[in-house]
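> Could you have a look at this structure, given as structure tokens, before my questions?
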Amino acid sequence: VVVVGGGAAGLATLSTLREEGFAGSLAMVGEEPGLPYDRPPLSKQGLTGPGDGNHALISADAMDALQCDVYRGEAAIRLDARSRSVVTSRGRELPYDVLVVATGVRPRIPPWAAGHQGLHVLRTAQHAARLSAALQGAAHLLVIGGGFLGTEVAASARRLGVAATLVDIHAVPMLAQVGPLVAQRIAELHAGHGVALRCGNGVRRLLLEQGQVVGAELTDGSSCLADVVVIATGSDPAVEWLRDGGLDLTDGLSCDALCQVGSKAFGAGDVASYPSARFGRRLRLEHRMNATEQGIAVARNILGAGEAYDPIPFFWTDQYDVRLQVHGIVEPGASQRALWGDPASDTFVIGYCGPEGVLRGVLAWNAPREARRWRARIGEPLELAQAATL
Ligand SMILES: Cc1cc2nc3c(=O)[nH]c(=O)nc-3n(C[C@H](O)[C@H](O)[C@H](O)COP(=O)(O)OP(=O)(O)OC[C@H]3O[C@@H](n4cnc5c(N)ncnc54)[C@H](O)[C@@H]3O)c2cc1C
């Protein structure tokens, strides 16, 4: 089995294969150096905290115990599906019986930002180290893009005492991820911590000084100058190396319900989409929990379990003293209802319903226990009487 991608999903597949008794040969190709590590801390305590910046998901000894040929600092550059081999950036050709694609996503760089010096993105430990160093002693941070990554970076900067401006194309940050009600609360949370919100704005152009980015001119005509500029405008699946492989790459690697593509390849983690019978549509999840769960599911299906992968998705974000947890999915246009607590308070749960009033997502604002209670009801029609309509 050759696993391409040395993140949480790839590691979960390798570990599970060995745990479940797979005795064949294993190889892992990973373009980053070092051991597989956890990404969520990179935008949180990784930017603000002391600590050694080591968020390894496995010790060197445990990695050795997997008896896996590890090719790190080496990217897969091509798939030869006919001869069933992966070609790497060091000219290696690795034959496989089973291929696992677990290459994650890459930061999306908008055309107006391409090729400029001094911009930051945040995906890898290397990016985080660079951003962390830049924030030390910085006076002003500009974050372009108010999804969960951009908002977490702004919150971390405020914790460091750095002034922060957050630009987002929508009227409020995180609109697509949490819907209008909670997005409004997020906006208030950031404003309350001193973040200057410049929402409903795009970037007209970046401002340069001696070739370095020093700010941006926004579509409302205003300008924002900063010592540090972070682009957090989404990501794209890392599938460029699969282009010649004859695979469906419409939205990442399109897999079937078993996370399989054809008879010899599987996909796991941020890069892979799968048809969810539970939600009646294809999902590609960029969530930490999914990376592990899907990696495990792939290993089990390689060994013949034949289990459809269709969990209730889960993600969280930490900002200031708020932990948001989302179970299920939040779709544009979903109707929102308070399920527990008061959405104007500091602890509540709201539900997101589809057109037929079926509960499809649950969001908890500092209410993990209550969220788990409501999570169990995802997929059920939500009786209107049980919830105050917002
Ligand atoms: C800063 C940050 C904060 C986050 N916070 C949260 C959070 O709070 N909650 C949450 O639920 N999720 C969070 N996430 C998302 C979560 O970390 C991801 O869903 C998870 O890491 C996905 O794991 P993966 O193994 O699919 O991909 P990755 O972890 O991206 O691993 C893929 C690996 O494949 C490598 N690769 C890519 N192309 C190739 C190639 N051609 N050849 C070889 N190797 C290749 C990449 O370099 C990478 O090392 C966060 C992500 C980031 C970046």
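The values are calculated or read from the model by the stated rules, or taken from the named source; none is laboratory data. Here the structure is a predicted model, which means the values were calculated and not measured. Reconstructed Cβ throughout: ideal geometry from the backbone, glycine too, with neighbour counts over all protein chains shown. SASA here: full protein model, heavy atoms, side chains in, ligands and nucleic acids out. Shrake-Rupley method; radii C 1.70, N 1.55, O 1.52, S 1.80 Å.
> Counting only protein heavy atoms and a 1.4 Å probe, tell me what percentage of the chain's accessible area is made up of carbon and sulfur.
With neighbouring chains kept in place, the figure for the chain is 51 percent.
> For the stretch 90-164 and the stretch 211-245, what is the separation of their Cα centres, given in Å?
Rounded to whole Å, the Cα centres lie 10 Å apart.
> Then there's this: For a bin width of 20 Å, list the pair-distance distribution of the chain built from all Cα-Cα distances, rounded to whole %.
Calculated over all Cα pairs of the chain, the distribution is 27, 55, 18, 0 percent.
> Still on this structure: Over the stretch 241-390, what is the relative contact order in whole percent, taking alpha-carbon pairs under 8 Å and six or more residues apart?
Dividing the mean separation by the residue count of the stretch 241-390 yields 15 percent.
> Related question: How large is the charge dipole for the chain, taken about the Cα centre, if only the Cβ atoms of Lys, Arg (+1) and Asp, Glu (-1) carry charge, to the nearest 20 debye?
Here the chain has a charge dipole of around 260 debye.
> Now for a different question. Could you tell me what % of all Cα pairs in the stretch 147-201 have separations over 18 Å?
For the stretch 147-201, the share of Cα pairs beyond 18 Å comes to 19 percent.
> Over the chain, average the accessible area per residue using a 1.4 Å probe and give it in Å², no decimals.
43 Å²
> Have a look at the DSSP beta bridges in the stretch 30-138 and tell me what percent are antiparallel, nearest 5.
Just about 90 percent of them are antiparallel.
> Express as a percent, rounded to the nearest 5, the fraction of DSSP beta bridges in the chain (both residues included) that run antiparallel.
Antiparallel: roughly 60 percent of the beta bridges in the chain.
> Related question: If you count the DSSP beta bridges with both ends in the stretch 137-247, what percent of them are antiparallel, to the nearest 5?
40 percent
> Go through 335-341, 100-106, 85-91, 244-250 and give me the packing order, highest mean Cβ count within 10 Å leading.
The packing order, highest mean first, is 100-106, 335-341, 85-91, 244-250.
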